[in-house]
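Inspection log for the structure reproduced underneath, given as structure tokens.
Coordinate-derived values only; no laboratory data. Bear in mind the structure is a predicted one, so any value in this text is a computation, not a measurement. When we count neighbours, we look across all protein chains shown, and the Cβ atoms used for this are built from the backbone with ideal geometry, even at glycine.
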Amino acid sequence: MSEDDRRIEGTGTPEADWTGLESLPAVAPRELVGEGQRAVIVAPHPDDEILACGGLMLRLLEAQREVVLVAVTDGAGSHPGSSLWPPERLARERPRESREALQRLGAGAVSVQRLGLSDTRVAAQAGRLRAWLDRFLRSDDVVVTTWRGDGHPDHEACGRVCAQVAQSTGCGLLETPVWAWHWSWPGDTRVPWRRARRIVLTPDQLDAKRAAIAAHVSQLGADVSTGRDPVLPATALARLLRPFEVVLQ
Ligand SMILES: [Zn+2]
């Protein structure tokens, strides 16, 4: 798969075109993460944990499962060249937004491990991420991370490293598409649909996820200093606020 045909530009595939996903098999989170097991969410940037799997986190907590968030970077690279959101402001604000989002989700008790790797450079620091996970993970953990084919270099690096660690430690692995919803389309053969399972959310759970996303203020506004649109425009939010989430099992 070449990266060139998975561009994250423009508005991407509109949510209205994502028909047929309802036929993907639904799975209960309590079956994905058994009693006594930990769900370890490995999020490349502070917001991926909510965008990709906020609903899954909520359902796991409701099922009395332990959830740990591993924040790989502080997200300082989301606004290149911006004087409104320079890297040092992002590195300060985005972890704060993430904490606020967890509170709003109803997941304020989730423990957070912050690794401080460089945003946009996770692939170059894959060895550090892998070494940390090798120490931290238990063989009966279930790791949830971004899909290794997601089309964003940091997302793919997290997916690759977690897949390697899952293989060597024996822990479970679930991968989540985030930007794939932008560049892909229904039936796209680049996506391993046979591994896809739906996590169904109630209206209340979806409301909590919506409230949590709203905490990521830095990602939701246009940048007047660069003239750029929000990192998360309405078209992206529509895709990420479906009444279900999809994991690749
Ligand atoms: Zn991300």
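Within segment 127-233, the trypsin sites (Lys or Arg not before Pro) that combine a DSSP coil assignment with at most 12 other C-beta atoms in a 10 angstrom radius are Arg138.
Using just its DSSP H runs of length 4 or more, each adding -39500 (n - 2.57), the chain gives a mean residue ellipticity at 222 nm of -11000 deg cm²/dmol after division by all residues. Could you work out the percent of alpha carbon pairs in segment 140-179 separated by over 15 Å, rounded to a whole number? Tail of P(r) above 15 Å: 30 percent of Cα pairs. Toward the positive end of the charge dipole of the chain, with +1 on the Cβ of Lys and Arg and -1 on the Cβ of Asp and Glu, the farthest Cα among Leu201, Leu51, Thr169 is that of Thr169. Label reach from Ala26 (point 7 Å along Cα→C-beta): in segment 158-183, no amide nitrogen lies under 16 Å. Across segment 24-182, the fraction of Cα-Cα pairs farther apart than 18 Å, rounded to a whole number, is 57%. Qualifying trypsin sites (Lys or Arg not before Pro) in segment 1-97, where qualification requires a DSSP coil assignment and no more than 14 other C-beta atoms within 10 Å, comprise Arg7. Convex hull volume of the Cα atoms of segment 170-225, normalised per residue: 185 Å³. Distances between placed amide hydrogens fall under 5 Å for Val144 paired with Val40, Ile41, Val42, Leu174, all partners being 5 or more residues away or on another chain. When both bridge partners sit in the chain, DSSP labels roughly 25% of those beta bridges antiparallel.
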